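Report on the following structure.
The values are calculated or read from the model by the stated rules, or taken from the named source; none is laboratory data. It should be emphasised that the depicted structure is a prediction, and the values quoted were computed from it without experimental measurement. Cβ placement follows ideal geometry from the backbone for every residue including glycine, while neighbour counts extend to all protein chains displayed. Each accessible area value is taken on the protein alone, full model and side chains, heavy atoms only, with ligands, DNA and RNA left out. Shrake-Rupley method; radii C 1.70, N 1.55, O 1.52, S 1.80 Å.
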Amino acid sequence: MKSYRKELWFHIPTRRGFVNITPQVKECLCESGIREGLCLVNAMNITASVFINDDESGLLADFERWLEELAPFEPTSRYRHNNTGENNADAHLKRTLMGREAVVAVTDGKLDFGTWEQIFYGEFDGRRRKHVLVKIIGE
Amino acid sequence: MKSYRKELWFHIPTRRGFVNITPQVKECLCESGIREGLCLVNAMNITASVFINDDESGLLADFERWLEELAPFEPTSRYRHNNTGENNADAHLKRTLMGREAVVAVTDGKLDFGTWEQIFYGEFDGRRRKHVLVKIIGE
Amino acid sequence: MKSYRKELWFHIPTRRGFVNITPQVKECLCESGIREGLCLVNAMNITASVFINDDESGLLADFERWLEELAPFEPTSRYRHNNTGENNADAHLKRTLMGREAVVAVTDGKLDFGTWEQIFYGEFDGRRRKHVLVKIIGE
């Protein structure tokens, strides 16, 4: 069994944002030399997500608005977590809705994806360096 | 290490629906000959889900109503994604709530499940052929 | 390839609660002797979750309140599942929001975590014994 590990780093200049990281994950898979196995991609920060969806700008805007409805940033006083001096409680909830991780099959040296599947990094408390783990096992 | 891959195809005649796919996944596991490992089951379409819950018809009806409350189909104009000519933005959100994938342990040649765990395909934009990937690795 | 399996049992005295199970999962990893691979941790009951977030008491209280807003316990008559004699339909929905499982990379014999990542068991229908599966594969 082979294994491969890499951290991807992001610094999103705004509080929230989405980045299509499929190219970076493909590069990792290529570097790994693994042909058959599983690829885990997970946010290492708890106010960020990794998820799989469509790379369509309207949809990403819909996600942004919808997350704000289900887990609003304000009033920040509504969250007990924000009593710690943070103002990012909503980011923990948004990340929960979008998910921490994606597990992707590796087949014949490629990410085994449907036509429209793309891997995204979802940032909900940006303006600082944060990281994503890519771990691939197989052979 | 062994690996196994199969696509399962579905054509749900309605916009939304749930299908218990546990029997098909068990058949895949049997075909694979794998006794110890991990089994990934994921939707290959981004408006569908794979999730694990109870096969109880009342609960599935509750899921349907609840998803419609949290991510309503209408008004379709509320979603920017629908400006592309699609009317399935809600399906992308519903799939996000229910999840893209399930990872199931394989132990002694069986899906290592609790008593009530069943794997479902969740369709949120049906009336066309869509597919699910089963990937099993182990030995 | 090595594989390891263990069930962790919980009996939460209240209907809902969160338990940081990171120490137990670390112990499993140590017992397994696996240095490189993947660790799956999943609820075996369908009214409970395994998820990764921050161990901060205010945040856990925020999760509790937020889940009650998005998937309220009452009125219990609002859920068809509760016609079966159960009153835990909300627990199935809450578990869906929080997730069934976490997949964690194993690197150099350790859970490959960011600084604040902690694994939680989320109970939404407690006052009875329930279990979590830890399955580790690798070498």
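Axis angle, to the nearest 10 degrees, between helix C:89-98 and the longest C-alpha principal axis of chain C: 40 degrees. Each copy carries a label point for B:Glu7 at 7 Å from Cα toward Cβ; from one copy, the others' points are 3.8, 3.8 nm away, ordered from shortest. When each of the peptides A:5-14, A:93-102 is scored by the mean number of other C-beta atoms lying within 10 Å of its residues, the order from highest to lowest reads A:93-102, A:5-14. Pairs exceeding 27 Å between alpha-carbon atoms, taken from B:Lys6/C:Lys130; B:Lys130/C:Lys130; A:Lys94/A:Lys135; A:Lys130/C:Lys26; A:Lys26/A:Lys130: B:Lys6/C:Lys130; B:Lys130/C:Lys130. Centroid-to-centroid, using Cα positions, region C:93-139 and region B:1-65 are 21 Å apart. At a Förster radius of 35 Å, what calculated FRET efficiency corresponds to the Cβ-Cβ distance of B:Arg65 and C:Arg65, to the nearest 0.05? With R0 = 35 Å, the Cβ-Cβ based efficiency is 0.95. Counting Cβ atoms of other protein chains within 10 Å of each residue's Cβ and taking the mean over peptide B:58-70 gives 5. Solvent-accessible area of the protein assembly as shown (1.4 angstrom probe, protein heavy atoms only): carbon and sulfur portion equals 48 percent.
Measuring nothing but alpha carbons in chain C and taking Rh as the Kirkwood radius, the Rg to Rh ratio lands at 1.02. Taking a label point 7 Å from Cα toward Cβ, how far is A:Trp116 from its twins in the other copies, in nm, shortest first? For A:Trp116, the other copies' label points sit at 3.3, 3.3 nm, shortest first.
Taking 0.36 nm per residue of separation and subtracting the current Cα-Cα distance, fully stretching the chain between C:Asn20 and C:Arg129 would add 37.6 nm. Distances between equivalent label points of B:Gly33 across the copies, with each point positioned 7 Å along Cα→Cβ, amount to 2.6, 2.6 nm, shortest listed first.
Here's the picture: charge each Lys and Arg Cβ at +1 and each Asp and Glu Cβ at -1 in region B:1-108, and of B:Leu8, B:Ala61, B:Thr84 the one pushed furthest to the positive end of that dipole is B:Thr84.
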